[in-house]
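The values are calculated or read from the model by the stated rules, or taken from the named source; none is laboratory data. Because the structure is predicted, anything quoted here is derived from the model rather than measured. Heads up, the Cβs are rebuilt from the backbone with ideal geometry, glycines too, and the neighbour counts pull from every protein chain shown.
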Amino acid sequence: MGRIAIVTGGGSGIGEALSRALAARGDTVIVADIDGAAAERVAGEVQGVAAKVDVRDAAAVQALVDDTVAAHGRLDLIFNNAGIGIGGDVLELTVAHWDRIIDINLRGVVHGVQAAYPVMARQRSGHIVNTASVAGLVAPPYMAPYVAVKHAVVGLSLALRGEAAAHKVGVTVVCPGWTDTPILDSTGPADLSTPSGIDGGVREVAEKMGKLYSPAALAQDILRGIERNKAMVVTPGKARFMWRLARLSPTGLAAVTGVLARREQKKLRAR
């Protein structure tokens, strides 16, 4: 029997790939996104249900979960995946930049957990999947806001996993490396200033690290991780290598990435 799954940020990128992978195996997918048209498009193509939801709104996320349970009788999977990218020189960032990424990338996950976890605990079944990043395991410069919230998502997920096991609820945190999604082309929220060095997005920088990972491949990695009840899905191999280096010598890796990042920033600003 197919599972009932909610995917936030399901209208593009990793969320869209997850929605397609879930539907392909016979699951019922609720595609949630702040972009209602994108949610409608993906839901239509996977025969799912579209929902326009801003994950910053705790009541809206609660309603999404409540409506799903009312319609289907249960909730088997929630993917707290919605997120944005904000980076750049911290000297150029404002409190508004920090507030925005905390509200979406961290509070959005908290809202999903707060809404779904009690339902799953009562069911004595279910799985919570939180999208973090390899930036939640290492700390590249010029990505401080993104690094901060992704580290928080990793910590939240691992702590919750220890509690949730008592209720037969699984928790997995996903830490992908550079993945080929629209976030790489984003310069941040349109209503906030764009720090120098990222005015064209970060795709060019990401591509210098090697071939970008496919969202479809990542989605399959995530589904395998859920089936194996893995605490963490760190993928692809390059991301796992960076994580191992960070564990071996966090200060050494920070020094090397610092030099490389400062050099790249100089090149970008010289254009």
Any pair with Cβ under 6 angstrom, 6 or more apart, that starts in segment 253-270 at a residue that is over 11 Å from PRO140 (Cβ atoms) and ends at one that is surrounded by 15 or more Cβ atoms within 10 Å (Cβ to Cβ) and at pLDDT 65 or above
GLN265/GLY197; LEU268/GLY197; ARG269/GLY197
Of all residues in segment 38-69, how many are in contact (Cβ under 8 Å) with a residue 24 or more places away in the chain, within 27 Å of THR194 (Cα to Cα) and surrounded by fewer than 22 Cβ atoms within 10 Å (Cβ to Cβ)?
3
Give the number of residues within segment 226-252 that are closer than 24 Å to LEU18 by Cβ, in a helix (DSSP H, G or I) and in contact (Cβ under 8 Å) with a residue 60 or more places away in the chain.
5
Name the single residue that is farthest from GLY73 (Cα to Cα) among those in segment 1-37 being assigned to a helix (DSSP H, G or I) and over 17 Å from the mean Cα position of the chain (by Cα).
ALA37
Looking at ILE101, ILE128, can you tell me which residue is more than 30 Å from GLY73 (Cα to Cα) and hydrophobic (A, V, I, L, M, F, W, C)?
ILE101
Mind listing whichever residues of segment 70-82 are crowded, with 17+ Cβ neighbours inside 10 Å and more than 13 Å from ALA32 (Cβ to Cβ)?
ASP76
How many residues does segment 224-239 hold that are buried (at least 16 other Cβ atoms within 10 Å of the Cβ) and either of a type in the set (Phe, Trp, Tyr) or within 16 Å of TRP178 (Cβ to Cβ) (or both)?
5
If we scan segment 247-262, do we find a residue that is modelled with pLDDT of 75 or more, over 25 Å from THR187 (Cβ atoms) and either among the hydroxyl-bearing types (Ser, Thr, Tyr) or touching a strand residue (DSSP E or B) at 6+ places or on another chain (Cβ under 8 Å) (or both)?
yes
